[in-house]
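The values are calculated or read from the model by the stated rules, or taken from the named source; none is laboratory data. Keep in mind that this is a model prediction, so the values were computed, not measured. Here the Cβ positions follow ideal geometry from the backbone for every residue, glycine too, while neighbour counts run over all protein chains shown. Heads up: the accessible areas ignore ligands, DNA and RNA and are worked out on the full protein's heavy atoms, side chains in. Shrake-Rupley method; radii C 1.70, N 1.55, O 1.52, S 1.80 Å.
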Amino acid sequence: DTGVSQNPRHKITKRGQNVTFRCDPISEHNRLYWYRQTLGQGPEFLTYFQNEAQLEKSRLLSDRFSAERPKGSFSTLEIQRTEQGDSAMYLCASSSQGVDLSYEQYFGPGTRLTVT
Amino acid sequence: GDSVTQMEGPVTLSEEAFLTINCTYTATGYPSLFWYVQYPGEGLQLLLKATKADDKGSNKGFEATYRKETTSFHLEKGSVQVSDSAVYFCALSDPVEGAQKLVFGQGTRLTINP
């Protein structure tokens, strides 16, 4: 078990460009979450998948954002027409149900996006 | 909606000092409570959790007790080390709500001086 991995770790892009991030969850985990963290704040929920189905999206996720999880394995988060306000750390987490029926989330190292 | 409030940081202590980081929450349901830690250059790691009232979560010398009457989940450690320097996040999730997404506080940066 190598944990949750995210690529790239850093991305610098110009305003108006599209970017795509990838998350590889822990292999047996059926749930996958995306969060966004800005400087000095706690992470904020963006969206979550159970297997390949995207079941909930935050209102933070504007129409320029799209996420997929084909075949219920890795996930991608795409931001179209990036804006400076999109600069943040994008975190991925995965989980499965524990014996106490709770879902402990395991986080990846994040992708830091800087929009210039 | 649900929310978490943590004590303002940064917090600076000397090695072997006693640590308390306050956390209070507002929730419509009966949430599970968590403390996550983020070491420099690393991802968020689950430090401890509690899923019902009066439960005490503990790990690596840290403890926190789920207090429903005061809606609190304060983090404590009796003797901190330099290696405890990190950012600590209190969080909750609602086990009834489908996503069980985490709602985080703003984080408290802890620095321990030798």
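Worth pointing out:
- Residue check for B:Lys56: away from chain A (no Cβ under 14 Å) and either within 16 Å of A:Phe45 (Cβ to Cβ) or in contact with a strand residue (DSSP E or B) (Cβ under 6 Å, 6 or more places away or on another chain) (or both): yes
- Qualifying residue in region B:8-18 (condition: surrounded by 13 or more Cβ atoms within 10 Å (Cβ to Cβ), at pLDDT below 95 and within 11 Å of another protein chain (Cβ to nearest Cβ)): yes
- For region A:88-116, a residue qualifies if it is in a strand (DSSP E or B), under 27 Å from B:Ser32 (Cβ atoms), open to solvent by 60 Å² or more (accessible area, probe 1.4 Å) and more than 8 Å from chain B (Cβ to nearest Cβ), and exactly one does: A:Gln97.
- Cross-chain or 6+ apart pairs with Cβ under 6 Å, region A:6-19 first and at pLDDT below 95 and part of a strand (DSSP E or B), then surrounded by fewer than 13 Cβ atoms within 10 Å (Cβ to Cβ) and aliphatic (A, V, I, L, M): none
- Verdict on A:Tyr35 being within 11 Å of another protein chain (Cβ to nearest Cβ), buried (at least 21 other Cβ atoms within 10 Å of the Cβ) and more than 15 Å from the chain's Cα centre (by Cα): no
- Some residue of region A:66-76 being closer than 24 Å to A:Gly40 by Cβ and open to solvent by less than 60 Å² (accessible area, probe 1.4 Å): no
- Selection within region A:45-87: residues that are small (Gly, Ala, Ser) and over 18 Å from A:Val115 (Cα atoms). The member of this set that is farthest from the other protein chains (Cβ to nearest Cβ) is A:Ser73.
- Meets criteria (facing chain A (nearest Cβ under 9 Å) and either out of contact with any Cys (no Cβ under 9 Å at 6 or more places or on another chain) or crowded, with 16+ Cβ neighbours inside 10 Å (or both)) for B:Glu69: no
- Selection of region A:6-60 for residues being of a type in the set (Phe, Trp, Tyr) and within 22 Å of A:Glu104 (Cβ to Cβ) yields A:Tyr33, A:Trp34, A:Tyr35, A:Phe45, A:Tyr48, A:Phe49.
- Here region B:74-103 is the region considered, the condition is being more than 23 Å from B:Leu13 (Cβ to Cβ) and in a strand (DSSP E or B), and the residue that is farthest from the other protein chains (Cβ to nearest Cβ) is B:Leu92.
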